[in-house]
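Data first, discussion second: the structure below is written as structure tokens.
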Amino acid sequence: MRLALFLGLSITAGCLEVDPYACQSATNCFDHTRQGYCIPSSLGPSYCAYDDQICPSHRRWSQAAAASLAGQCVAELLDAGIPDHSIVDMTVSQIDSAQTDSSMDLSVPQLKPVNFAVSVNYKSHTAPNDLDIGDFNGDTKLDLVTANFSSDDVSVLLGVGNGTFQMAINTAASSGPVAVRRGDFNFDGKADVVVANMSQDQLHILFGNNDGTFQNIKWIQSGKGPCSLAVADVNGDQKDDALATNCNENTVQFDLNPFLAGAAIDTGGMSPRSVAVGDFNGDTFLDLAAAVFQANNAAVIFGNGGGLFQGLMTFATGTGPASVVVGDFNMDSKLDLAVADFTGNDVSILLGTGTGNFQAAVKYQNGPNPNGIVAADFNGDGWVDLATSNLTGNNVGVLLGNGDGTFQTARKFAASTSPQAITVGDLNGDKKPDLAVACGDGNVSVLLNTSP
């Protein structure tokens with residue numbers, strides 16, 4: 001039978017890095033900035049290993065006569081007959097079994113890489129602060145829309161279908177738009193957008209013309225400083241409703257279509273920066289999760305299906321949570337939360353219990369200053385991964401999921417200057433999730449997924 005090698009188990013040997021070539025001495029193991037060890041194997045050539053990522057100690061490795069714990073791990077695995085390209089995370093019991101069960105196939109590597117092409121920049125307008133994805137001209141190809149704070153408009157970049165985009169089409173959107181989300185708010189089958197105008201304490205609905213332009217702005221009074229948006233059917237009437245976080249107070253506002261009047265929900269702390277929706281307690285009704293920046297927590301508010309929310313619960317995150325996304329990170333069919341901690345330079349993972357409660361946050365280093373976050377399977381292994389827009393790092397950080405609620409070290413991919421927000425979608429039709437990032441220098445960086 002085949003042994004399914006999978007990531008993220010409690011006792012692992014795959015936490016070190018192994019070069020895919022043999023060595024004759026330690027001089028072959030200098031990797032630009034670090035010196036490795038040349039570890040002998042009784043079954044074949046020696047291999048390079050490095051101890052800046054050290055394996056956990058275990059009784060089977062404690063007697064090995066090697067220069068480092070990393071070396072002990074490599075030698076043990078190679079002597080067990082596990083090739084260097086298959087050294088991935090394994091439990092100790094799996095290693096034991098591998099040595100005694102010759103029917104196990106250990107030759108197939110299971111650590112699936114992730115890669116993105118060098119980012120290509122497309123001009124939006126002045127200071128795009130947010131973006132979303134959708135088909136704004138009815139050609140079934142995905143387009144991008146940005147909210148441009150300094151030029152007081154939204155820009156639509158029409159997709160060609162191969163991952164490239166046409167020149168931006170700009171439509172006025174009142175003063176200081178900071179957030180944008182797509183929806184069909186007048187039920188005509190054409191993509192519309194809702195825009196948050198932070199300085200005006202208003203939301204604006206722009207109805208799509210199906211050619212990349214918009215008309216008939218409808219405005220909605222909001223709370224103080226609306227700064228992020230979500231679109232969902234929160235009352236079950238099959239209509240897109242709008243939700244906005246009010247950064248200058250402690251509320252999330254939801255406006256039910258046809259937007260006659262909104263209602264505010266207390267988040268228990270100042271400056272909620274992001275809101276996401278999902279059924280967190282299993283009652284089939286949509287609940288809300290907000291990243292509350294000044295309170296350093298995620299606020300979860302439960303819906304009753306009729307457009308009302310109650311029962312606030314808060315869960316600690318890292319410092320300065322700026323964005324939240326929902327996904328099933330440990331494959332238990334219960335929704336979890338991932339929060340980009342802007343000040344803490346990390347991502348907090350809160351695993352859901354399915355009852356509305358969440359486990360204590362586990363943090364993964366990322367950044368600097370992760371400002372937006374999205375979830376998708378970027379390397380095609382069937383597990384949910386994460387990507388963040390890192391404001392002062394001028395890059396995107398991708399954290400590959402292990403399928404058990406844990407994540408690997410972030411990989412960084414360059415973007416343009418000051419990445420503000422990030423969105424995900426298949427932009428070139430190859431069935432792989434690509435990334436688009438709104439950057440403060442006026443560019444939208446498109447990163448096409450080239451993972452094998």
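Please treat every number below as a calculation from the coordinates, not as lab data. These numbers were taken from a predicted model, which means no experiment stands behind them. So basically every Cβ, Gly included, is an ideal-geometry build from the backbone, and we count neighbours across all protein chains shown.
Structure notes:
- Cut-off 15 Å between beta-carbons: net charge of the residues surrounding GLY176, Lys and Arg +1, Asp and Glu -1: -3
- Amide H contacts under 5 Å for ASP426, placed H, 5+ residues apart: ASP434
- Under the combined filter of DSSP loop state and at most 10 neighbouring Cβ atoms within 10 Å, region 387-452 retains these trypsin sites (Lys or Arg not before Pro): LYS431.
- In this structure the amide hydrogen of THR417, modeled in the peptide plane, comes within under 5 Å of the amide hydrogens of ASP441, none closer than 5 places in sequence on its chain.
- J(HN,Hα) series, region 309-322, from Karplus relation 6.51 cos²θ - 1.76 cosθ + 1.60, nearest Hz, glycine and proline x: 10, 7, x, 5, 10, 10, 9, 5, 10, x, 7, x, x, 10
- Across region 206-223, computed HN-Hα scalar couplings (Karplus, 6.51 cos²θ - 1.76 cosθ + 1.60, θ = phi - 60°) run 10, 8, x, 9, 6, 9, x, 10, 9, 8, 6, 5, 10, 9, 10, 5, 10, x Hz from first to last residue, x flagging Gly and Pro.
- Straight Cα distances below 17 angstrom link LYS432 to the lysines LYS112, LYS141, with same-chain residues fewer than 8 positions distant left out.
- Using the Karplus relation 6.51 cos²θ - 1.76 cosθ + 1.60 with θ = phi - 60°, the per-residue 3J(HN,Hα) values for region 335-345 come to 6, 10, 10, 10, 10, 7, 9, 4, 6, x, 6 Hz, with x marking Gly and Pro.
- Net charge contributed by nearby residues that have their C-beta within less than 9 Å of GLY401 (K/R +1, D/E -1): -4
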